[in-house]
């Protein structure tokens, strides 16, 4: 990863932004407002102000990307210990709609890495929906994290209309860092140059243009395996929830089996609005 990407001084689109730690009640009210805009949460699912204040005082890192008095994005991580590793757990990252696809998400993650490493931590973990192709590309390609854990219905039922009652399954990704905050990529990435991978199923289109997945009866016996995700999964959740649930359950079974067999998701190949995970085993 280029060293400049780890610095808030890197002047890319959005150079008018200032990254700062959010610590006051007024700051956290801005975070709540942005949560409402991004996820359409009801009040019950918003981050409580007293809780965030307590977490920040106890060592959590809440970073805001600010343009004047406007909060354009934020990232929250909390210190912890998981499987014997000291780490920061990145609980939330939100970007204002107008700033999406501007690179702000990537900049926030690298700013988070720099500040977490400055506090003495060399690992960050977080969750994301594996069927969201933009997030997959951000987390595995732009940021360089890796995934080898799958968790079912992590956050339970949500008030967000974006979820439409679908299971909130998530990948748990790991981001290892040098002491200066520069990411350490998975050593398995070198194997991608040796194989394009073997597909775990096929994707076709139905009469309305939605992607339909037909997983193979058995996973391929290959060092590199490719698992697809659908185009427009957010729209699918809203307009064709039965198909969205089918994608969830079919890929859930495959990802769980692959991770149990020692595979890691180390990259993501985009093809228009859809794409596919590339999983490698040692």
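Could you go through the range 159-166 and let me know if any residue there is closer than 24 Å to residue 254 by Cα, in contact (Cβ under 8 Å) with a residue 24 or more places away in the chain and buried (at least 18 other Cβ atoms within 10 Å of the Cβ). Steps first, answer last, please.
The first filter runs over the range 159-166 and keeps only residues closer than 24 Å to residue 254 by Cα, leaving 163-166.
After this cut, where a residue has to be in contact (Cβ under 8 Å) with a residue 24 or more places away in the chain as well, the list is 163-166.
Checking the rest, the ones that are also buried (at least 18 other Cβ atoms within 10 Å of the Cβ) come to 163, 166.
So far as the range 159-166 goes, yes, one or more of its residues are closer than 24 Å to residue 254 by Cα, in contact (Cβ under 8 Å) with a residue 24 or more places away in the chain and buried (at least 18 other Cβ atoms within 10 Å of the Cβ).
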query = Residues of the range 36-54 being under 22 Å from the mean Cα position of the chain (by Cα) and modelled with pLDDT of 95 or more, which ones?
reply = 52
ask   = residue 78 versus (1) within 30 Å of residue 255 (Cβ to Cβ); (2) free of Cβ contacts under 8 Å to residues at least 24 places away in the same chain; (3) out of contact with any strand residue (DSSP E or B) (no Cβ under 7 Å at 6 or more places or on another chain): which is the lone unmet condition?
value = (3)
ask   = Does residue 269 meet the test of being within 23 Å of the chain's Cα centre (by Cα) and touching a residue at least 60 places away in the same chain (Cβ under 8 Å)?
value = no
query = Does residue 261 satisfy the condition of being at pLDDT 95 or above and more than 22 Å from the chain's Cα centre (by Cα)?
reply = yes
key: Test set (1) touching a residue at least 40 places away in the same chain (Cβ under 8 Å); (2) closer than 30 Å to residue 108 by Cα - residue 211 fails condition number   = (2)
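The values are calculated or read from the model by the stated rules, or taken from the named source; none is laboratory data. Bear in mind the structure is a predicted one, so any value in this text is a computation, not a measurement. Glycine also receives a Cβ, built like all others from the backbone with ideal geometry; neighbour counts cover every protein chain displayed.
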